[in-house]
Amino acid sequence: MNAAIIFGLLLVLMLTGMPISISLGLTVLSFLFFMTDVPIDAVALKLFTGIEKFEIMAIPFFILAGNFLTHGGVARRMINFATSMVGHWHGGLGLAGVMACALFAAVSGSSPATVVAIGSIMLPAMVAQGFPRNFGAGIITTSGALGILIPPSIVMVMYCVATTGHPQAASIGQMFIAGVVPGLMLAFLLGLTTWYRARKFGYPRLAKASAGQRLHALRESFWGLLLIVVVMGGIYSGIFTPTEAAAMAAVYAFIVAVFIYKDMPLSRVPKVLLDSASMSAMLLYIITNAVLFSFLMTSEQIPQNMAAWILDQNMGVWVFLLVVNILLLMAGNFMEPSSIVLIMAPILFPVAMKLGIDPVHFGILIIVNMEVGMCHPPVGLNLYVASGITKMGITELTVAVWPWLLTMLIFLGMVTYIPAITLWFPRLLGFM
């Protein structure tokens, strides 16, 4: 009954158009004030202790690094490198778009940032080359979602934060290394879909780049690509933690954008800092209220009771994972990924653990669901970002993305029921 009241109140507040973060906070305050004897002082304490985790510091640093890279010419050089490598195949610029999104995802940690950085350069080039606008928009909207699957990933950090405290919780390092193979696999499948449609409809190809041109493009993009080595190499060699890696990424991205590539004048740095602070504050506010909501769930024993109920139903792992996918895809219709992870992970995670599901596998499954949610209406973040770049309506974009969205759904099924896709690489390297 308490669970019905809590979720009913949350749904009503969200349907009024209230921001999710405020809806979460008001739900908690209302329930605690009217339905329990928990002192309101505990709420203030929880608001502060909820964001005292060292891991959360990684989020503003990755956002700052992504903003420096987006405005600092790194994306353009990555696009040139990708084009020199695959531009001569069917739908060459489209394939280069997928590859560039994968490369940029490996340094930014954010899907919307990837769509903006790659899409704003790639889409006009594709239209000028003779590609239909729908084709280019579909590629960039869906490939941009790789930003939260290929490490580093802000949403992976949030998953780890949301499940902190559980004895079986996965570490950020485990999640990052587990995202490598699924990320590359999804990039390959999106590229395959692009190549097939380009070949089917006879879309243009570029002249094959010479070895000299490829080497020049690699040299140009070297400093941006080196960030992948700095972040991932630093974490897995034990030089620094994921949070320290995020800080290093921000400093490195600043140096590359301002002093090496010199595409960003020092006068623009304050604006980048302000934009990053604004986005970080928004996410941290959501996290704070989600932690409060999680505290209410735990104090009312809702996750534990839900786990007991599901186990009583003799629901097998296959059925449970199917239910989780449906639930998360439905949530993707109304909420953005950060909110979904922070609300749903603390509820679903204990059930998954009792059913013997690996915490890393479960985390990647949630991330892939978030990717799909970012590419379908009505709240798909990538759709809105791509709409701003392409000047296309959401309905028109929804039609444009369907071949790649279908590919993503097939991939979601593979990740859900073939745990080896996620777990093989971390086990091979001894992280699990």
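Summary table below
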{"read-out": "Flag if Leu225 is of a type outside the set (S, T, N, Q) and either closer than 30 Å to Ser276 by Cα or surrounded by 24 or more Cβ atoms within 10 Å (Cβ to Cβ) (or both)", "value": "yes"}
{"read-out": "Hits in region 310-325 (condition: in a helix (DSSP H, G or I), surrounded by fewer than 15 Cβ atoms within 10 Å (Cβ to Cβ) and not aromatic (Phe, Trp, Tyr))", "value": "Leu311, Asp312, Val317, Val319, Val323"}
{"read-out": "Every residue from region 19-48 that is in a loop (DSSP other than H, G, I, E, B) and loosely packed, with under 14 Cβ neighbours inside 10 Å", "value": "Thr36, Asp37, Pro39, Ile40"}
{"read-out": "Answer from Ala307, Ala345 - the residue that is over 30 Å from Pro124 (Cβ atoms), part of a helix (DSSP H, G or I) and in contact with a Ser or Thr (Cβ under 7 Å, 6 or more places away or on another chain)", "value": "Ala345"}
{"read-out": "Filtered residue count, region 192-247, keeping only those that are assigned to a helix (DSSP H, G or I) and either hydroxyl-bearing (Ser, Thr, Tyr) or within 30 Å of Met57 (Cα to Cα) (or both)", "value": "25"}
{"read-out": "Residue check, Asn289 polar (S, T, N, Q), in a helix (DSSP H, G or I) and either more than 24 Å from Met335 (Cβ to Cβ) or out of contact with any strand residue (DSSP E or B) (no Cβ under 8 Å at 6 or more places or on another chain) (or both)", "value": "yes"}
{"read-out": "Residue in region 119-140 that is aliphatic (A, V, I, L, M), in contact (Cβ under 8 Å) with a residue 40 or more places away in the chain and within 20 Å of Pro182 (Cα to Cα) present", "value": "yes"}
{"read-out": "Residues being buried (at least 22 other Cβ atoms within 10 Å of the Cβ), farther than 25 Å from Thr142 by Cβ and among the polar types (S, T, N, Q) - total across region 157-205", "value": "1"}
{"read-out": "In region 388-418, residue farthest from the chain's Cα centre (by Cα) [restricted to those that are surrounded by fewer than 19 Cβ atoms within 10 Å (Cβ to Cβ), assigned to a helix (DSSP H, G or I) and at pLDDT below 85]", "value": "Thr395"}
{"read-out": "Unique residue being at negative phi, in contact with a Leu (Cβ under 7 Å, 6 or more places away or on another chain) and either of a type in the set (Asp, Glu) or buried (at least 21 other Cβ atoms within 10 Å of the Cβ) (or both) when the list is Ala82, Ala58, Ala65", "value": "Ala82"}
{"read-out": "Single residue of Ile22, Ile51, Ile79 found to be closer than 22 Å to Met279 by Cα and modelled with pLDDT of 80 or more", "value": "Ile22"}
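The values are calculated or read from the model by the stated rules, or taken from the named source; none is laboratory data. Values in this document were obtained by computation on a predicted structure and should not be read as measured data. Note that each Cβ is placed from the backbone with ideal geometry, even for glycine, and that neighbours are counted across all protein chains shown.
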